[in-house]
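Data block below; observations after.
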Amino acid sequence: IGAYADAAAVAAKARDSNLIYTTICAYEGGLPNNEEGKSLYFSGIINKFPTEAVNMFTSYYCRLGTLAVGDANPAVNIFLRRQKHTEAGLMIAKKALLVESMEGNKREKQKIEMLKDASKIFDVGGKDCAFQKACVDEQIQLMAEQEQLRLAYGSNEVAPPSSSVTSTIMSILKHGAVDQRSAHKLNADAERIAKKFKVPEKRLWHVKVRAFSESGQWAVMRNFCDSRAKPPIGMKPFALAAIKGKQGEAEIMHYVGRMQDKTDADDRYDLLCEAGLWKKALEEAVKQGDGRKIANVRSLCNNPDVQRLCDKYI
């Protein structure tokens, strides 16, 4: 190995990547084609060859390992031999998320097993890998929860595989439109998942508004809004959801009408314009004494009666 290592050192000093690659290939060709030869190949490159050769060697197998049909084990082996536990664990974790060769539960189980292997490597890495280990362990827990939810409700639409925490919660809540009798249980499961994975309260409220509106659960969304005198996200997201969902004036005004703080004035006006409620938008503009807003209503509105009222106030 000494001659090959010396040749690689000369190539590295000359900064000739082609010569480095040729030397690595020559070294591999001179070893037995068996497991012992493979072991000597890896240990020899890592322990005896110059840094430039080791980096090229590592990059090659990393690239190979990230391919859908590539084998990540050589890259993981290299990283472990180099005491790079973070990189080794990440390689397995990334490969786990690319698993598509199996279907359904078998695929998810294979992913979980690979993520568990990554977690063990991160554990060996100690404090330097603490964050990565926490992330992988949380993903394993999420995937296990998703499988249980799919089994509990008998639907792949609930907590679909590979979905995020937010998407999982949203899918649970949306399922209430299909299975109304399980609505209470679905909401409880959504709350449980949010608490377990530490979803902030405001984000959870936004997720619920979006889930209820996109699935047409307007009565549920109204009850959810009315559950707090002052929702932590305010009334605007509810009003926007009702407008986007093409709800009637009464539904929209249920939310806009509750926006009574002085700081809500501009939002009230904008929402009324967005909803095409021009007469109410004009009333809001007049109430604020804002001539530009009155003129804006006139330019956007196609209702002659409202336009005449605008001319009266301009």
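The values are calculated or read from the model by the stated rules, or taken from the named source; none is laboratory data. Since this is a predicted model, take the numbers as computed values, not measurements. Note that we place each Cβ from the backbone using ideal geometry, even for glycine, and neighbour counts take in every protein chain shown. The accessibility values were calculated without ligands, DNA or RNA, using every heavy atom of the protein model including side chains. Shrake-Rupley method; radii C 1.70, N 1.55, O 1.52, S 1.80 Å.
Averaged per residue, what accessible surface does region 20-131 expose to a 1.4 Å probe, in Å²?
58
Take the solvent-accessible surface of the protein heavy atoms, probe 1.4 Å, and return the percent of it on region 165-314 that carbon and sulfur atoms account for. Could the numbers behind the result be given before it?
On the way: 4220 of 8480 Å².
The value for region 165-314 is 50 percent carbon and sulfur by accessible area.
Taking a ≥ b ≥ c as the square roots of the Cα gyration tensor eigenvalues, with a/c under 1.5 meaning rounded and otherwise prolate when a/b beats b/c, else oblate, which class fits region 101-198? Kindly include the intermediate steps, with their values, before the conclusion.
Working: a/c = 3.53, a/b = 1.78, b/c = 1.98.
Verdict is oblate for region 101-198.
For region 180-314, report the accessible area per residue in Å² (1.4 Å probe, heavy atoms, rounded to an integer).
Here the residues of region 180-314 average 59 Å² of exposed surface.
Below 11 angstrom from the Cβ of residue 301, what's the summed charge of the other residues (Lys, Arg +1; Asp, Glu -1)?
+2
Can you list the trypsin sites (Lys or Arg not before Pro) in region 119-218 that are in a DSSP coil and have 11 or fewer other beta carbons within 10 angstrom?
Qualifying residues, ordered by number: 198.
Considering only the other residues whose Cβ falls under 15 Å of the Cβ of residue 50, what net charge follows from Lys and Arg at +1 and Asp and Glu at -1? The partial results should precede the final answer.
Values: positive: 13, 15, 48, 82; negative: 6, 16, 52.
Net charge around residue 50: +1.
Can you classify the chain as rounded, prolate or oblate using the Cα gyration tensor, where a ≥ b ≥ c are the square roots of its eigenvalues, rounded means a/c under 1.5, and otherwise it's prolate if a/b beats b/c and oblate if not?
Prolate.
Taking the dipole about the Cα centre of the chain, with the C-beta of Lys and Arg at +1 and of Asp and Glu at -1, give me whichever of 97, 172, 4 is farthest to the positive side.
172
Quick check: at a probe of 1.4 Å, how many percent of the accessible area of region 74-158 sits on carbon and sulfur atoms? Write out the running numbers ahead of the final one.
Details: 2420 of 4730 Å².
Its accessible area is 51 percent carbon and sulfur atoms.
Please give me the summed charge of the neighbours of residue 252: other residues whose Cβ is under 12 Å from its Cβ, Lys and Arg +1, Asp and Glu -1.
+4
Can you pull the accessible area of residue 170 for me, 1.4 Å probe, Å² to the nearest 10?
20
Take every Cα pair under 8 Å in the chain that's 6+ residues apart, average their separations, divide by the length, and report that relative contact order as a whole percent. Before the final figure, lay out each step's value.
Values: 314 pairs, mean separation 21.1, N = 314.
Computed over the chain, the figure is 7 percent.
According to the square roots a ≥ b ≥ c of the eigenvalues of the Cα gyration tensor, what is the shape class of region 240-314, taking rounded for a/c under 1.5, prolate for a/b larger than b/c otherwise, and oblate for the remainder?
Judged from the Cα gyration tensor, region 240-314 comes out oblate (a/c at least 1.5, b/c at or above a/b).
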